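Reviewing the structure listed below.
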Amino acid sequence: MQASRKSAVRFALLTLVVLAACQDASQPPTAPTFPQAPQGARSPVAQARLEAIFQRTSPEVMALPGTVFADNDEAVGKVVYGVENQGAMNGVRQALARLGVDEADFEIKLTKPIVMAQGPATTLRSRFRPTQGGIQIHFTRYLCTLGFNVTVGGQPSFITNSHCTATQGGVEGTEYYQPTSSVDPTVIATEVDDPVYVKNGPGCPKGKKCRYSDASRAAYSAEVTSSLGEIAKTTAGPNTGDLTVNGSFSITEADPRTTFPEDMVVNKVGRTTGWTRGTVERSCVHTSVSGSTVYLFCQTFVTDPGGATVVGSGDSGSPVFAGNTLLGILWGGSSDNKLFVFSPFAAIEQELGGTLTLK
Amino acid sequence: MAVRRRSFRNVTNPSVDSLRRELRIPPQARVGSTVPITLRVENVGDRPIDLYLRGRAIAFDVIVRRPDGEVVWRRLEHEIIPAILRLETLAPRQVLELHTDWSLETNAGSPLTPGSYVLEGLLLTDGPELRTPPVTLRVTHQ
């Protein structure tokens with residue numbers, strides 16, 4: 001398209017030149033008021049030769065780092081390569097020499113790189129297909145975070161909190177959207193597993209109902225794709241509040257422990273506070289849940305030694321991990337958001353039943 | 001159970017100016033009694049406001065201080081709150097009321113001594129808390 005337009009412009013210029021030349025030849029020549037006629041008023045043979053050079057060299061040259069554009073520029077009668085820097089210029093010159101192209105047939109110009117127009121940044125609250133851990137999910141009137149993807153008996157699923165279902169404990173077929181039903185009305189998954197909380201069981205305080213993990217499983221709808229072993233990674237690093245996604249963490253295994261050493265460094269990714277990091281402050285702590293009669297056995301508390309915010313409303317379900325190892329899912333935190341609590345993977349797998357395949 | 005679908009609109013920061021926040025308590029109470037506390041938020045604007053709140057049961061804090069600023073009681077002290085985000089839309093003139101009781105004890109379990117105390121309510125959101133103006137409670141002998 002651009003070459004055609006350029007050719008059309010060149011044709012108009014040539015016409016003007018020819019018309020000017022056909023005027024009274026006895027008059028002294030005057031400086032033209034329009035651009036010089038291109039030197040490329042060449043024969044079809046010359047143009048074909050240049051086109052052949054362009055076609056032959058551009059695939060190899062444009063594979064070189066730092067090249068920006070290739071143009072069979074009829075206006076100057078040369079093949080023109082645009083490059084980002086002097087190094088690229090040298091590389092292109094050498095490549096053209098190797099390809100036997102005469103210096104007179106090409107030109108290399110320094111130019112700025114072409115940057116793709118940026119749309120809205122992808123954040124943990126954006127739409128993701130395939131889905132991965134750490135991104136926003138929506139159900140009824142609530143927002144939570146998708147913990148991690150698994151397969152159970154071959155069924156693609158994700159794990160999130162039990163309290164991120166329509167009713168905490170028991171299966172009601174909660175339907176999930178991602179990121180919200182208004183952005184995409186597709187039901188991405190339906191709750192299939194959320195064990196009931198048990199009253200009067202061993203160790204369960206009077207008036208409480210107990211479990212070992214705040215976890216549930218939802219099975220993906222057939223048309224929804226999901227990535228195993230991936231957790232969304234934000235751009236700016238931990239404890240910055242950044243929500244912009246730039247890549248992913250890879251999870252290859254799960255930690256079989258329910259107790260973790262104090263000062264162990266752990267990470268989480270959630271839709272509200274993004275990627276946060278802290279150290280284990282207490283482990284295997286029996287924990288009452290504020291505003292409910294729920295009591296969870298053997299949970300782990302995490303804080304940042306520097307006092308950073310590590311959790312916020314909407315981070316429920318966030319995957320908690322260290323390196324490539326999944327440790328569990330976050331479910332709650334203190335009112336000042338300086339401490340978060342997670343359920344260990346081992347308890348999640350035991351309560352949900354069946355092997356949770358991560359990768 | 002029927003699942004009610006809610007449509008999440010684009011996040012709109014509630015105009016704090018359009019939310020009248022208030023902590024309602026009796027003006028005075030006797031040592032040993034229990035004080036009812038109501039945190040009240042009203043949309044006094046002419047447009048609906050989306051509130052993004054913390055918890056399955058909406059989480060709110062109450063902070064009680066002596067006149068010198070020393071905190072004697074916090075409702076959510078040492079509480080672990082589910083980190084779920086809940087959407088509540090307040091229509092114009094609609095009021096959200098949250099209730100709790102306080103037994104006039106410190107977080108350490110000691111009974112309050114008579115005197116004046118300043119109470120403040122905080123509604124937890126996915127951003128800064130929504131705070132009520134302080135109110136004063138006079139605690140008297142039994």
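The values are calculated or read from the model by the stated rules, or taken from the named source; none is laboratory data. Just so it is clear, the model here is predicted, and its values are computed rather than measured. Note that each Cβ is placed from the backbone with ideal geometry, even for glycine, and that neighbours are counted across all protein chains shown.
With the condition being within 13 Å of chain B (Cβ to nearest Cβ) and in contact with a Phe, Trp or Tyr (Cβ under 8 Å, 6 or more places away or on another chain), I'd like the strands (runs of 3 or more DSSP E) fully within the stretch A:130-216 carrying at least 2 qualifying residues.
Details: elements: A:131-133, A:136-139, A:142-145, A:148-152, A:155-160, A:189-193, A:209-211.
Those strands (runs of 3 or more DSSP E) span A:136-139, A:189-193.
If we keep just the residues of the stretch A:323-356 that are within 14 Å of chain B (Cβ to nearest Cβ) and of a type in the set (F, W, Y), which is surrounded by the fewest Cβ atoms within 10 Å (Cβ to Cβ)?
Filtering first and then ranking leaves A:F342.
Residue check: is A:D315 within 14 Å of chain B (Cβ to nearest Cβ), touching a Gly at 6+ places or on another chain (Cβ under 9 Å), in contact (Cβ under 8 Å) with a residue 40 or more places away in the chain and closer than 30 Å to B:V62 by Cα?
Numbers: within 14 Å of chain B (Cβ to nearest Cβ): yes; touching a Gly at 6+ places or on another chain (Cβ under 9 Å): yes; in contact (Cβ under 8 Å) with a residue 40 or more places away in the chain: yes; closer than 30 Å to B:V62 by Cα: yes.
So A:D315 fits the description; yes.
Being assigned to a loop (DSSP other than H, G, I, E, B), in contact with a strand residue (DSSP E or B) (Cβ under 8 Å, 6 or more places away or on another chain) and either over 23 Å from A:K338 (Cβ atoms) or not assigned by TED's automatic domain parsing to the domain that holds A:S343 (or both) is the filter here, so list the residues in the stretch A:217-265 that pass it. First the steps, then the outcome.
Step one: of the stretch A:217-265, the residues assigned to a loop (DSSP other than H, G, I, E, B) are A:221-225, A:235-243, A:251-252, A:255-264.
Okay, now just the ones that are also in contact with a strand residue (DSSP E or B) (Cβ under 8 Å, 6 or more places away or on another chain), so A:221, A:224-225, A:235-243, A:251-252, A:255, A:257-264.
Residues satisfying the conditions are A:S221, A:V224, A:T225, A:T235, A:I251, A:T252, A:D255, A:R257, A:T258.
Could you check the stretch A:292-312 and list, in sequence order, the residues that are under 23 Å from A:Y197 (Cβ atoms), within 12 Å of chain B (Cβ to nearest Cβ) and buried (at least 18 other Cβ atoms within 10 Å of the Cβ)? Before the answer, list the steps.
Here is the first cut: in the stretch A:292-312, the ones under 23 Å from A:Y197 (Cβ atoms) are A:292-301, A:311.
If we keep only those that are within 12 Å of chain B (Cβ to nearest Cβ) as well, we get A:292-296, A:299-301, A:311.
If the condition is that a residue be under 23 Å from A:Y197 (Cβ atoms), within 12 Å of chain B (Cβ to nearest Cβ) and buried (at least 18 other Cβ atoms within 10 Å of the Cβ), then A:V294, A:Y295, A:L296, A:Q299, A:T300, A:F301, A:V311 are the ones that fit.
Within the stretch A:193-218, which residues are small (G, A, S) and buried (at least 18 other Cβ atoms within 10 Å of the Cβ)?
Step one: of the stretch A:193-218, the residues small (G, A, S) are A:201, A:203, A:207, A:213, A:215-216, A:218.
Answer for the stretch A:193-218, where residues must be small (G, A, S) and buried (at least 18 other Cβ atoms within 10 Å of the Cβ): A:S213, A:A215, A:S216, A:A218.
For (1) in contact with a Gly (Cβ under 6 Å, 6 or more places away or on another chain); (2) of a type in the set (D, E, K, R); (3) surrounded by fewer than 18 Cβ atoms within 10 Å (Cβ to Cβ), each residue gets a yes or a no:
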| position | (1), (2), (3) |
| --- | --- |
| A:P130 | no, no, yes |
| A:G134 | no, no, no |
| A:H138 | no, no, no |
| A:Y142 | no, no, no |
| A:V150 | no, no, no |
| A:P156 | no, no, no |
| A:I159 | yes, no, no |
| A:Y177 | no, no, no |
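Please enumerate the residues belonging to the stretch A:105-129 that are more than 14 Å from every other protein chain (Cβ to nearest Cβ) and out of contact with any strand residue (DSSP E or B) (no Cβ under 8 Å at 6 or more places or on another chain).
If we filter the stretch A:105-129 for residues that are more than 14 Å from every other protein chain (Cβ to nearest Cβ), which is where we start, we get A:105-119, A:121-122, A:128-129.
Result: A:V115, A:M116, A:A117, A:Q118, A:G119, A:R129.
Just checking, does the stretch A:259-268 include any residue being at positive phi and within 32 Å of the chain's Cα centre (by Cα)? Let's see the steps before the verdict.
First, the residues of the stretch A:259-268 that are at positive phi: A:263.
Keeping just the survivors that are within 32 Å of the chain's Cα centre (by Cα) gives A:263.
Yes, the stretch A:259-268 contains at least one residue that is at positive phi and within 32 Å of the chain's Cα centre (by Cα).
From A:R98, A:R141, grab the single residue that is within 30 Å of A:Q168 (Cα to Cα) and basic (K, R).
Working: A:R98 fails: within 30 Å of A:Q168 (Cα to Cα).
The match here is A:R141.
Which ones in the stretch B:59-80 are among the β-branched types (V, I, T) and surrounded by fewer than 17 Cβ atoms within 10 Å (Cβ to Cβ)?
Step one: list which residues in the stretch B:59-80 are among the β-branched types (V, I, T), which gives B:62-64, B:71-72, B:80.
B:V71 - this is the single residue of the stretch B:59-80 that is among the β-branched types (V, I, T) and surrounded by fewer than 17 Cβ atoms within 10 Å (Cβ to Cβ).
If you go through the stretch B:108-118 one residue at a time, do you hit one that is away from chain A (no Cβ under 14 Å), crowded, with 16+ Cβ neighbours inside 10 Å and within 28 Å of A:V311 (Cβ to Cβ)?
Within the stretch B:108-118, not a single residue is away from chain A (no Cβ under 14 Å), crowded, with 16+ Cβ neighbours inside 10 Å and within 28 Å of A:V311 (Cβ to Cβ).
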